[in-house]
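Novice: For reference, the structure I am asking about is given below.
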Amino acid sequence: MTARGTAGQPASQEDALFGRDPAELEVTLATGYTVRTHTDGCLAQAHRHLYGEQARWFRAEVTVNNLRPEAQARLKDDPRYRAALARRAACPEEDTRCARESGLDDVRARLEPARLAEVRAAHREDIATYERLRDRALHRAARLLAGRPTPSQKAPALS
């Protein structure tokens, strides 16, 4: 793919790969963060080629890659987590015994799997889309690479 800047000037390598501002696609996560991407550039072209619809892939990928942060954000609503967090915050900075006795790590270890299960259930359609598009891309990439020599294979000798 060849990208050109304004007035016919060649675009930077970064623009050619990632696209030029402004980013056209965005997803705002439950954690409040917004992730943006471009629909131009080589990376966007590759995503369209492998995954089909770039916007669907982007939304699913960003959502699935942020399930754990969403689950961790939900911990803040649990009074047991908030109590353990307050106990930990009251510890002197270098007092590892106090930090351990606050129970924060234990509470997090008990509560986080349940929150992650809730988040996964809430996003089951995004997860299914992610898995379907990922599988499509893997099959498409395998077909594209079929018959091409791998780096470990030697090219035929020229006589």
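Novice: Give all pairs with beta carbons closer than 6 Å in which a residue from the stretch 52-78 that is within 16 Å of Ala137 (Cβ to Cβ) meets a residue that is of a type in the set (S, T, N, Q) and at pLDDT below 95; count only pairs at least 6 apart in sequence or on separate chains.
Specialist: What qualifies is Phe58/Thr37.
Novice: Right, here's the next one. Is at least one residue of the stretch 144-153 modelled with pLDDT under 95, loosely packed, with under 12 Cβ neighbours inside 10 Å and assigned to a helix (DSSP H, G or I)?
Specialist: Of the residues in the stretch 144-153, the ones modelled with pLDDT under 95 are 144-153.
Right, trim to loosely packed, with under 12 Cβ neighbours inside 10 Å and you get 144-153.
Subset that is assigned to a helix (DSSP H, G or I): 144-145.
Checking the stretch 144-153: at least one residue is modelled with pLDDT under 95, loosely packed, with under 12 Cβ neighbours inside 10 Å and assigned to a helix (DSSP H, G or I).
Novice: Would you confirm, using the coordinates I've provided, whether Ala122 is closer than 30 Å to Arg20 by Cβ and among the small types (Gly, Ala, Ser)? It would help to see each step written out before you state the result.
Specialist: Details: closer than 30 Å to Arg20 by Cβ: no; among the small types (Gly, Ala, Ser): yes.
The answer is no for Ala122.
Novice: Of all residues being acidic (Asp, Glu) and open to solvent by 60 Å² or more (accessible area, probe 1.4 Å) in the stretch 96-126, which is nearest to Ala30 (Cα to Cα)? Just the residue, please.
Specialist: Here is the first cut: in the stretch 96-126, the ones acidic (Asp, Glu) are 101, 105-106, 112, 118, 125-126.
Checking which are open to solvent by 60 Å² or more (accessible area, probe 1.4 Å) leaves us with 101, 105-106, 118, 125.
Working: Glu101: 31, Asp105: 24, Asp106: 25, Glu118: 13, Glu125: 16 Å.
Filtering the stretch 96-126 for residues that are acidic (Asp, Glu) and open to solvent by 60 Å² or more (accessible area, probe 1.4 Å), the one nearest to Ala30 (Cα to Cα) comes out as Glu118.
Novice: Continuing with this model, one more query. Within the stretch 9-44, how many residues turn out to be open to solvent by 90 Å² or more (accessible area, probe 1.4 Å) and either touching a residue at least 40 places away in the same chain (Cβ under 8 Å) or of a type in the set (Gly, Ala, Ser) (or both)?
Specialist: 0
Novice: With the checklist (1) at pLDDT below 95; (2) over 30 Å from Ser12 (Cα atoms) in hand, flag the one item Ala128 doesn't pass.
Specialist: (1)
Novice: Which number in (1) open to solvent by less than 40 Å² (accessible area, probe 1.4 Å); (2) under 17 Å from the mean Cα position of the chain (by Cα) marks the one condition that Ala84 misses?
Specialist: Of the numbered conditions (1) open to solvent by less than 40 Å² (accessible area, probe 1.4 Å); (2) under 17 Å from the mean Cα position of the chain (by Cα), the odd one out for Ala84 is (2).
The values are calculated or read from the model by the stated rules, or taken from the named source; none is laboratory data. Values in this document were obtained by computation on a predicted structure and should not be read as measured data. We place every Cβ from the backbone using ideal geometry, glycine too, and count neighbours over all the protein chains shown. For accessibility, only protein heavy atoms count, side chains too; no ligands or nucleic acids. Shrake-Rupley method; radii C 1.70, N 1.55, O 1.52, S 1.80 Å.
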